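The values are calculated or read from the model by the stated rules, or taken from the named source; none is laboratory data. What you see is a predicted model; the values in this text were computed from it and never measured. All Cβ positions, glycine included, derive from the backbone under ideal geometry; neighbour counts span all protein chains shown. Just so you know, the surface numbers come from the protein's heavy atoms only, side chains and all, with ligands and any DNA or RNA stripped out. Shrake-Rupley method; radii C 1.70, N 1.55, O 1.52, S 1.80 Å.
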Amino acid sequence: MILAGQSPSGGYVACPSFPNYRYSWLRDGCFVADAMREAGEVESCDRFLDWCARIVLRSPDGPFDARYTLEGRPDPTGWPHRQIDGWGLFLGTVRRRGSARWDEPAAHVTRWLEQVWGEPSVDWWEERTGLHAVTLWCVGNGLQSEEIRREALARAHDRLDASLLFIGRPELVSWVEGSLVSPGGGVWRHLDDEYYGGGEWLLLTAMLGLAKPERARECLTWIEAHATHDGDLPEQSRDHLLRPERYEPWVEKWGPPPSPLLWSHAMYLRLHHALRDRR
Ligand code: BGC
């Protein structure tokens, strides 16, 4: 699914069948590229990093956007462009890949993030502008900055959001588990979620399993149970919607919900790898 969703230019489509997701997001793409490298598909990871490098080298001083067309051109829609977490993730993906091939674009991205990390950015869910814990965490990790990571942790209690699972601190994981895990075992984004009724997200359920090894097997099984009969992993499940009345209005607006979502496939792989490596 992931290889089929990678364009010849190297960009990963967020979802091949959902018109509004026919872009390549830095955030989704870096999680996907890491999963592919772990799966031994190093060339796929490299092609994505080359796609990122071409974007950076075209205008090395930035600003850099949250998503681009698969050809690496700016997204012309009005969707929020300033989401710096993806570029922090890019630096981590480059570092884990362990090759000097992307040193130049990484140096430009580093310089840019050092300038802008304290400015408002839009959150992982493209809903709120401000200084968000997980965004700062991604940037702090990318820049290997204790100062920025401390700032992320200082903001972690500002708002209950399942993206905190990515930070992985036990107290944050417990907070999310206390209110954002549905009776079925899937993970909601946040309690105000109304996007397609606010279902449980497969990629967040994988993040719960990654953050809490004792739940890893249960989370993997939950994700498998929410694949379509063709094995596609959707963005979210409809089993326990927070606001069921908001499901149809989104279908009328944008069509059926995104499936398959490459980021869901990537997080499933990463959870699978974590369980495999534990044996
Ligand atoms: C999510 C983003 C994601 C994008 C593409 C949006 O609905 O809020 O986090 O990057 O979809 O998958």
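Observations on the model:
- Residues that are hydrophobic (A, V, I, L, M, F, W, C), within 15 Å of the chain's Cα centre (by Cα) and part of a loop (DSSP other than H, G, I, E, B) within the range 229-263 comprise Leu233, Leu261, listed in sequence order.
- Subset of the range 25-44 [in a helix (DSSP H, G or I) and of a type in the set (Phe, Trp, Tyr)]: Phe31
- Condition met for Gly40 (without any contact (Cβ under 8 Å) to a residue 60 or more places away in the chain, open to solvent by 20 Å² or more (accessible area, probe 1.4 Å) and within 16 Å of the ligand (Cβ to nearest atom)): no
- Within the range 105-136, the set of residues being touching a helix residue (DSSP H, G or I) at 6+ places or on another chain (Cβ under 7 Å), touching a residue at least 40 places away in the same chain (Cβ under 8 Å) and not in a loop (DSSP other than H, G, I, E, B) comprises Pro105, His108, Val109, Val134, Thr135.
- Restricting Leu233, Leu220, Leu261 to those that are modelled with pLDDT of 95 or more and more than 16 Å from the ligand (Cβ to nearest atom) reduces the list to Leu220.
- Glu214 vs. criteria open to solvent by 10 Å² or more (accessible area, probe 1.4 Å), farther than 24 Å from Gln6 by Cβ, without any contact (Cβ under 8 Å) to a residue 24 or more places away in the chain and more than 15 Å from the ligand (Cβ to nearest atom): yes
- Checking the stated criteria, Thr205 turns out to be closer than 24 Å to Asn20 by Cα and either among the polar types (S, T, N, Q) or open to solvent by less than 50 Å² (accessible area, probe 1.4 Å) (or both).
- Test for Trp188: is it of a type in the set (Phe, Trp, Tyr), open to solvent by less than 70 Å² (accessible area, probe 1.4 Å) and under 27 Å from Leu241 (Cβ atoms): yes
- Flag: Thr93 matches the condition of being β-branched (Val, Ile, Thr), under 24 Å from Ser7 (Cα atoms) and open to solvent by less than 10 Å² (accessible area, probe 1.4 Å).
- For the range 117-131, the set of residues classified as under 18 Å from the mean Cα position of the chain (by Cα), more than 12 Å from the ligand (Cβ to nearest atom) and open to solvent by 30 Å² or more (accessible area, probe 1.4 Å) consists of Thr129, Leu131, listed by residue number.
- Flag if Glu235 is under 17 Å from Glu126 (Cα atoms) and touching a helix residue (DSSP H, G or I) at 6+ places or on another chain (Cβ under 8 Å): yes
- Candidates in the range 52-90 are the residues that are touching a residue at least 60 places away in the same chain (Cβ under 8 Å) and either within 16 Å of the ligand (Cβ to nearest atom) or surrounded by 14 or more Cβ atoms within 10 Å (Cβ to Cβ) (or both); of these, the one that is farthest from Glu41 (Cα to Cα) is Ala66.
- Where a residue in the range 23-37 is near the ligand (Cβ under 9 Å from one of its atoms) and its partner, wherever it lies, is in a loop (DSSP other than H, G, I, E, B) and among the hydroxyl-bearing types (Ser, Thr, Tyr), with Cβ under 9 Å and at least six apart: Tyr23/Thr69; Tyr23/Thr77
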